[in-house]
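Student: Structure provided below as structure tokens; questions to follow.
The values are calculated or read from the model by the stated rules, or taken from the named source; none is laboratory data. Remember, it's a predicted structure, so these values are computed and weren't measured experimentally. Glycine also receives a Cβ, built like all others from the backbone with ideal geometry; neighbour counts cover every protein chain displayed. We work out accessible area using only protein heavy atoms, side chains counted, and drop any ligands, DNA or RNA first. Shrake-Rupley method; radii C 1.70, N 1.55, O 1.52, S 1.80 Å.
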Amino acid sequence: MTRSHKASPAAPAGRPRRSAPPAEAGAGRTPSANPAAGQGAAGAAGAVDRALAILDALAAQDGLALSDLARGLGLAPSTTHRLLGALAARRLAEVDAATQGWSVGPAAVRLGAAFLRRGGLAERARPLLDRLAADSGETAVLVVPDGDAALVVAEAAGAPSLRVVMPPGTRLPYHASAAGKALIAHLPLSRVRVLLGADGALPALTHRTLTDGGELIADLATLRHSGWLAERDEAAEGQSAVAAPVFGGLDDPVAALALAGPSLRLESRMAALGPVVCAAARQLGAALGGRPAAQ
């Protein structure tokens, strides 16, 4: 029914490999026997370990001050500042200009999405997707955050010939799709602003797209109240959806389940389908070690 847009995978950057120089006759030493080389390797491993410890701390709590990070991890403030700068250059960490609080950056979300795609999330969700599609007759999808958009990683099609098509690889806007909104509704506002990447009006995809930030925030609040959220003709004309977030082991939304279909058919069914999607999302979250299936 709608034209889907697939994300084109980025080609991994290749790095030329150098062959090791031939050993001198009678030298009897390998590079690993060099004490200085060993100290350099140990120092690099220590820096990586400290950087990962910083990411763990940021994942547990948003908006940490540099001094609090340094004190909590037992690091010198100068070391913490240097490591945060390296993480920020890779977009693995970011700082709020107003509060100077540090949080996990959008590139960390991309890494998490890659793990979820590889780590069996789609396989765990498959029975739920198939059941949602069979019971509702609509298209059921599983999405994960992927940088500046929600990424469809699994789809189950309903029976009707007229249906929404969202194959794996389809990217959905956070601000104009039910699934995208379900992923960001529980995030801190600072993270939401970064993910949306817009200081002013949000891009209008249809005449019903919410382009005002205040209206979008109010819409996200409905999900936090009811557990699910509806979207009507906001991403594409004649297409609507309901969605709910899936919470992982850290009690963060790691994915979302959604049912999408033609607006004329879905409009009158949203109030009934929303709680069904919400229950399925809680069931999947419980399988991942997150919130229990019933609350």
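Student: Working only within segment 132-150, note down all residues that are surrounded by fewer than 24 Cβ atoms within 10 Å (Cβ to Cβ) and within 12 Å of the chain's Cα centre (by Cα).
Tutor: Selection gives ASP146, GLY147, ASP148, ALA149.
Student: Do we have LEU220 as touching a residue at least 24 places away in the same chain (Cβ under 8 Å), open to solvent by less than 10 Å² (accessible area, probe 1.4 Å) and touching a strand residue (DSSP E or B) at 6+ places or on another chain (Cβ under 6 Å) here?
Tutor: Working: touching a residue at least 24 places away in the same chain (Cβ under 8 Å): yes; open to solvent by less than 10 Å² (accessible area, probe 1.4 Å): yes; touching a strand residue (DSSP E or B) at 6+ places or on another chain (Cβ under 6 Å): no.
Against the criterion (touching a residue at least 24 places away in the same chain (Cβ under 8 Å), open to solvent by less than 10 Å² (accessible area, probe 1.4 Å) and touching a strand residue (DSSP E or B) at 6+ places or on another chain (Cβ under 6 Å)), LEU220 does not qualify.
Student: While we're on this one: If I ask for residues that are in a loop (DSSP other than H, G, I, E, B) and either within 16 Å of ALA182 (Cα to Cα) or under 18 Å from the mean Cα position of the chain (by Cα) (or both), which ones from segment 208-232 would you list?
Tutor: Selection gives THR209, LEU210, GLY227, TRP228.
Student: In segment 80-94, how many are open to solvent by less than 60 Å² (accessible area, probe 1.4 Å) and of a type outside the set (A, V, I, L, M, F, W, C)?
Tutor: Residues flagged as open to solvent by less than 60 Å² (accessible area, probe 1.4 Å) and of a type outside the set (A, V, I, L, M, F, W, C) within segment 80-94 amount to 3.
Student: I need a count of the residues in segment 80-103 that are over 16 Å from GLY197 (Cβ atoms) and not in a helix (DSSP H, G or I).
Tutor: Going through segment 80-103 one residue at a time, the tally reaches 9.
Student: Looking only at segment 278-295, count how many residues are at pLDDT 85 or above and open to solvent by 40 Å² or more (accessible area, probe 1.4 Å).
Tutor: 4
Student: Here is a list of conditions, (1) open to solvent by 20 Å² or more (accessible area, probe 1.4 Å); (2) modelled with pLDDT of 90 or more, and HIS225 meets all of them except one; can you say which number that is?
Tutor: Result: HIS225 fails condition (2) only.
Student: What's the total number of residues in segment 175-204 that are more than 20 Å from SER263 (Cβ to Cβ) and in a helix (DSSP H, G or I)?
Tutor: Selection size over segment 175-204: 10.
Student: Now a separate question. Can you name the number of the only condition in (1) at pLDDT 85 or above; (2) touching a strand residue (DSSP E or B) at 6+ places or on another chain (Cβ under 7 Å) that VAL109 fails?
Tutor: Result: VAL109 fails condition (1) only.
Student: Among the residues of segment 18-33, is any in a loop (DSSP other than H, G, I, E, B), under 22 Å from ASP146 (Cα atoms) and modelled with pLDDT under 90?
Tutor: no
Student: Mind listing just one residue for me: the one in segment 158-174 that is hydroxyl-bearing (Ser, Thr, Tyr) and assigned to a loop (DSSP other than H, G, I, E, B) and, of those, modelled with the lowest pLDDT?
Tutor: For segment 158-174, the residue satisfying everything is SER161.
Student: Any residue that is buried (at least 17 other Cβ atoms within 10 Å of the Cβ), hydroxyl-bearing (Ser, Thr, Tyr) and in contact with a helix residue (DSSP H, G or I) (Cβ under 7 Å, 6 or more places away or on another chain) - is there at least one of those in segment 172-188? Let's see the steps before the verdict.
Tutor: First pass over segment 172-188, keeping only residues buried (at least 17 other Cβ atoms within 10 Å of the Cβ): 172-185, 187.
Narrowing further to those that are hydroxyl-bearing (Ser, Thr, Tyr): 174, 177.
After this cut, where a residue has to be in contact with a helix residue (DSSP H, G or I) (Cβ under 7 Å, 6 or more places away or on another chain) as well, the list is 174.
Among the residues of segment 172-188, at least one is buried (at least 17 other Cβ atoms within 10 Å of the Cβ), hydroxyl-bearing (Ser, Thr, Tyr) and in contact with a helix residue (DSSP H, G or I) (Cβ under 7 Å, 6 or more places away or on another chain), which makes the answer yes.
Student: Mind listing just one residue for me: the one in segment 240-277 that is of a type in the set (S, T, N, Q) and surrounded by fewer than 24 Cβ atoms within 10 Å (Cβ to Cβ) and, of those, nearest to GLY147 (Cα to Cα)?
Tutor: Top of the filtered list is SER263.
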